[in-house]
Amino acid sequence: MRAEEQKGQGQQMFDQTAVKQFMIGDEAVENRANLEVVYPMESGIIKDWDNMRRIWDYTFFEKLQLDPNTNHMRKIVLTEPPNNPLASRLEMCRIMMEVYKFGAVHIATQAVLVLYAQGLDTGTVLDMGDGVSHVITVKSSHVMDIKSLRVAGRDITRQLIALLLRRGYALNRTADFDTARIIKEKLCYISYDLELDHKLSEETTVLLENFTLPDGRTVRLGAERFEAPEILFQPHLIDVEQPGISELVFETIFNGPIDNRKELFKHIVLSGGTSMYPGLSSRLEKEMKQLWLTRVLKGNDEGLKTFKSTVHDPPNRKHLVFTGGSVFAGLHNYEAPSWITMTEFWEKGDKYRAMFTRV
């Protein structure tokens, strides 16, 4: 084939890709520069049901290749964020049964599944995703308290873009946001000692790292590597008037029943993509001890000997919710009261509606 024909065919293939009305997953990421990207979920809660249906169609039929005619023989575990509206839970259940014809549905709180994945039923979960961060305390598989922080992965990406702009790198196109996200995931980390890292970035080249952009330009990062995710601990840096994750975890545990504090401090589990930063668990443990020293012991170092706080950061923490869901689905059969079958949902809707009111 002649070069002109190859070029023409390549352009035709691109045009065929470009004219598709909807793109999902990897295909959408690859063509992000030519697309209007929408997110059906905001802070973990479904806001755009039509586009959410398209994602479910893509997942069930293209990726998992399920046969709709046999779905009545399957059960499905759905997860939800803390404080998910009751109407959203009911709509998820209705769609799974009416549209996709699943035989049974269970809607689980993500924090409980995270603990299941760790072999626990009691602990504190710090779940940090793309849109929002949550601190959830759980006792015997029941959620006790929930606190939210309006700072998460997307905010760190924006902060990194802002910091790089000060250095002279403009990443302001739609496609650049995804590039900044990749830079963040590859090069950013949580500083254990801010003063020391700032000194190293100013006086040495130890922290400097280069990243090559898709257009061939090279971006050099120094202090930006730890300054961007620092907003998790200091939200005021982006004008969010909330305590950082350390204070949020401490207050959520400390304000609960005193009998539970020991176990909740002992089992703090990290979860979600934004928890993958190197150094996060060490910094969090350090600040837990500092908060206990200043707020409870009033500066008495001797009392720290009896204080135990452990932050669990399993390597697979990005997918802990899925792992916990797999554990749950494998251990519970259809007869378990936590499952709602299609027959029960339609014939005894009022009775089983009460199951959705539980956190």
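Side notes on the structure shown:
- Any hit, the range 150-170, residues being under 30 Å from P257 (Cα atoms), touching a residue at least 60 places away in the same chain (Cβ under 8 Å) and among the aliphatic types (A, V, I, L, M): yes
- Residues (of a type outside the set (A, V, I, L, M, F, W, C), part of a helix (DSSP H, G or I) and over 18 Å from the mean Cα position of the chain (by Cα)) located in the range 146-186: R166, T174, D176, T179
- Residue list for the range 262-281, restricted to those being over 26 Å from F322 (Cβ atoms) and either at pLDDT 95 or above or aromatic (F, W, Y) (or both): F265
- Verdict on H72 being more than 30 Å from K308 (Cα to Cα), assigned by TED's automatic domain parsing to the domain that holds S338 and in contact with a His (Cβ under 9 Å, 6 or more places away or on another chain): no
- Residue in the range 237-258 that is under 20 Å from K184 (Cα atoms) and in contact with an Asp or Glu (Cβ under 8 Å, 6 or more places away or on another chain) present: yes
- Every pair of residues 6+ apart whose Cβ atoms lie under 9 Å, when the first sits in the range 233-250 and is touching a residue at least 24 places away in the same chain (Cβ under 8 Å) and surrounded by 20 or more Cβ atoms within 10 Å (Cβ to Cβ) while the second is assigned to a helix (DSSP H, G or I) and among the small types (G, A, S): F233/S246
- Total residues in the range 89-104, condition modelled with pLDDT of 90 or more and within 24 Å of S141 (Cβ to Cβ): 3
Quick grid of which residues meet (1) without any contact (Cβ under 8 Å) to a residue 24 or more places away in the chain; (2) of a type in the set (G, A, S):
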position	(1), (2)
G256	no, yes
L284	no, no
N300	yes, no
K305	yes, no
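- Scanning the range 345-359 for residues that are modelled with pLDDT of 65 or more and surrounded by 15 or more Cβ atoms within 10 Å (Cβ to Cβ) returns a single hit, F345.
- A single entry from Y192, Y116 fulfils the requirement of being within 30 Å of R261 (Cα to Cα), touching a residue at least 12 places away in the same chain (Cβ under 8 Å) and part of a helix (DSSP H, G or I): Y116.
- Taken together, the residues in the range 126-143 that are closer than 22 Å to T157 by Cβ and surrounded by 22 or more Cβ atoms within 10 Å (Cβ to Cβ) amount to 8.
- Test: Q21 is more than 16 Å from A175 (Cβ to Cβ) and outside the structural domain of F102 (by TED's automatic domain parsing): yes
- The lone exception for D313 - which of (1) at pLDDT 90 or above; (2) of a type outside the set (K, R); (3) surrounded by fewer than 17 Cβ atoms within 10 Å (Cβ to Cβ) it fails: (3)
The values are calculated or read from the model by the stated rules, or taken from the named source; none is laboratory data. In this text the structure is predicted, and so the values were computed from the model without any measurement. Counting neighbours? That spans all protein chains shown, and the Cβs are built from the backbone with ideal geometry, glycine included.
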